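Just so it is clear, none of the values below were taken in a lab; they were calculated from the coordinates. Computed from a predicted model, the values in this text were never measured in an experiment. Cβ coordinates were reconstructed from backbone atoms using ideal geometry, including for glycine residues, and neighbour counts include every protein chain displayed.
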Ligand code: NAI
């Protein structure tokens, strides 16, 4: 007899949401005993399509799904919500430069941040999926100064899962036997998968793989460029795997990470690892079911540190660009 948890998903008519909403309604995100109420936010032109998805959600007859509302009004969409997954974003179009892209997204994530601050439940947790995810989360967070900063996160879990999958393939160990992996920085080509503390069945992964050249080169590149490889193969960008990563992120945040293990999430920095305060950067994290906690004090090799510096520099330049555009006020 638990009361339903309200979950808002934006970009509800899009590809990722078409996979994500069904996983949420099936109870895979918040647990098999927790009923959910869905609020779907779309732009006017796509509300009808989102209503089509809502019809299909009805038809799937999920026992845990206690209601669906579709709207183009952000205040209504975030009203009383505890989990907000911001998937809808402005894609880069022909002729758009980086400033245009950041500005177009600022116009989405600033107002959505304000609508969350004004309407969401006091325990709201926000996951930004729409790209550029880290900087969109920064913009939303800046528009919601009264919401604790650590409630705003961006998705690096797909990058994490991609790294895990490559390592499972290489070692022959199941993904659940590989622990203590994480990905630093930005959800972009500059991201830094870090295996220096990773274990396979409790043994150092570097010893098990015994091929540092592969780990430091082709492995890292394969993870960072996997999104492009999926587009090439599928003719469309990652959707079900991105949805799955969003489910993993929120599930671990709400239900906690495995004892002894950690995962990756992008959080507003509090200065750990020298990452400038406020930047939303991928870091190693655990969750106790309440909040994310950064795993502090991990050593970084010179190579990893050099790459962290580069991905952090990229995040800093994105922050400067949106600040110049007045999107952080
Ligand atoms: P899509 O184009 O299929 O769907 C996006 C939807 O968002 C569209 O239905 C659009 O109408 C809607 N939308 C646009 N502006 C909106 C607004 N202001 N409010 C509400 N809805 C709005 O795109 P797809 O494949 O679902 O991807 C969504 C986003 O996720 C993209 O930005 C993509 O780059 C990003 N992404 C992020 C990943 C990550 O790891 N962080 C991985 C894969 C994709």
(request) With runs of 4+ DSSP H residues as the only contributors, calculate the mean residue ellipticity of the chain at 222 nm using -39,500 (n - 2.57) per run, divided by the residue total and rounded to the nearest 500. (result) -12500 deg cm²/dmol
(request) Express in whole angstrom the spacing between the alpha-carbon centres of region 219-294 and region 193-217. (result) 19 Å
(message) Within a 10 angstrom radius of the beta carbon, how do 47, 280, 175 rank from fewest other beta carbons to most?
(response) 175, 47, 280
(request) Evaluate Rg over Rh across region 249-293, taking Cα atoms for both radii and Kirkwood's formula for Rh. (result) 0.99
(message) For the chain, take the longest principal axis of its alpha carbons; what is the angle in degrees between that and the long axis of helix 15-25, to the nearest 10 within 0 to 90?
(response) 80 degrees
(message) If the elastic network links every pair of Cα atoms under 10 Å, which of 17, 238, 299 fluctuates the most in the Gaussian network model of the chain?
(response) 299
(message) Using a 10 Å cut-off around each Cβ, can you sort 135, 71, 264 from fewest to most neighbouring Cβ atoms?
(response) 71, 264, 135
(message) What do you get for the angle between helix 302-324 and the principal long axis of the chain? Use alpha-carbon atoms, 0 to 90 degrees, nearest ten.
(response) 30 degrees
(request) For each of 29, 55, count neighbouring Cβ atoms within 10 Å of the residue's Cβ, then give the residues from fewest to most. (result) 55, 29
(message) If you fit an axis through the alpha-carbon atoms of helix 47-59 and take the longest principal axis of the Cα set of the chain, what angle between them do you get, 0 to 90°, nearest 10?
(response) 80 degrees
(request) Please build a GNM for the chain, connecting alpha carbons under 10 Å apart, and tell me which residue among 144, 233, 49 fluctuates the most. (result) 233
(request) For the chain, set up a Gaussian network in which alpha carbons nearer than 10 Å are linked by springs, and say which option among 283, 295, 223 fluctuates the most. (result) 295
(message) Can you tell me the length gained on complete extension of the stretch residue 66 to residue 93, counting 0.36 nm per residue apart and subtracting the Cα distance?
(response) 6.0 nm
(message) Taking each pair of distinct Cα atoms in the chain once, what is the resulting Kirkwood hydrodynamic radius in Å?
(response) 20.0 Å
(message) Give the separation of the Cα centroids, region 137-163 to region 61-121, in Å.
(response) 13 Å
(message) Which three extents, in angstrom, do the Cα atoms of region 157-318 have along their principal axes, listed largest first?
(response) 37, 37, 34
